[in-house]
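Inspection log for the structure reproduced underneath, given as structure tokens.
The values are calculated or read from the model by the stated rules, or taken from the named source; none is laboratory data. The model shown is predicted, which means the values in this text are computed figures rather than measured ones. No Cβ is skipped: glycine too gets one built from the backbone with ideal geometry, and neighbour counts run over all protein chains shown. Surface accessibility is based on the protein's heavy atoms, side chains included, excluding ligands, DNA and RNA. Shrake-Rupley method; radii C 1.70, N 1.55, O 1.52, S 1.80 Å.
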Amino acid sequence: MLAEALGCSFIEADDYHSQANKAKMSEGIPLSDADRAPWLESLRDAIRERLDGGEDVAVSCSALQLRYRDVLRAADRGYEPGEYATCRVRFVCLRASAEVIAERMLRRSTEGKHFMPASLLRSQLDLLQIDATEGVTEFDATTVRPGDIVRDTIALFREELASTVPS
């Protein structure tokens, strides 16, 4: 929805997982950082390619930890670690209870729309780490309508990005 509203391309991060990673997750085995590294790097490169080409891009991704998000932030060639306010790569975290997420995951896997079983949810939630200094925008994905999240995200990012444009 965000990509459509912005008129930009969309990347589904799961498409960048190796078959080995998808098979591991399908079997209910959590990925290690070693498993994630090539995935994050290929995703970073795909984002960088679009940014270098002057495009905006929306990405759906479970970048659960600061170090994972920093790999993705490096898609912006001007990013200096820890300088979140001037980075062109921005993050939105959609929050929901474990029960709501589990129900949504179960529905997606039952419909054959995803390879990751709900049994891996706990390992994902245990990894989630957001540092307040990062400026990650958070929305309650159970009470705020998707259209409102898109609208508010665009408004927020326009304001933030306008302040990073050199005078």
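Quick rundown of the values:
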{"item": "222 nm mean residue ellipticity, helices alone, for the chain (DSSP H n ≥ 4; -39,500 (n - 2.57); rounded to 500)", "result": "-14000 deg cm²/dmol"}
{"item": "The chain, accessible surface, carbon-and-sulfur percent (1.4 angstrom probe)", "result": "52 percent"}
{"item": "Top of 89, 71, 100 by mean-square fluctuation, Gaussian network on the chain, Cα under 10 Å", "result": "100"}
{"item": "Solvent-accessible surface (1.4 angstrom probe) belonging to residue 134, in square angstrom, nearest 10", "result": "10 Å²"}
{"item": "Where the Cα pairs of the stretch 1-101 fall when distances are cut into 5 Å bins, in %", "result": "2, 11, 21, 23, 21, 14, 7, 2, 0"}
{"item": "Probe 1.4 Å, accessible area per residue of the stretch 60-100, Å²", "result": "51 Å²"}
{"item": "Cα-centred dipole magnitude for the chain, charges only on beta-carbon of K, R (+1) and D, E (-1), debye, nearest 20", "result": "300 debye"}
{"item": "Among 78, 101, 137 - extreme Cα towards positive end, dipole of the chain, charges at beta-carbon", "result": "101"}
{"item": "Residue-level accessible surface for residue 101, protein heavy atoms, 1.4 Å, Å²", "result": "40 Å²"}
{"item": "Karplus (6.51, -1.76, 1.60) ³J(HN,Hα), θ = phi - 60°, over the stretch 15-23, in Hz, Gly and Pro reported as x", "result": "5, 9, 6, 5, 4, 5, 5, 4, 5"}
{"item": "Potential extension, residue 96-residue 8 segment - 0.36 nm per residue separation minus Cα distance", "result": "29.0 nm"}
{"item": "Long-range amide H partners of residue 95 with built H, under 5 Å", "result": "139, 140, 141"}
{"item": "Cα long-axis angle, helix 98-110 against the chain (0 to 90 degrees, to the nearest 10)", "result": "70 degrees"}
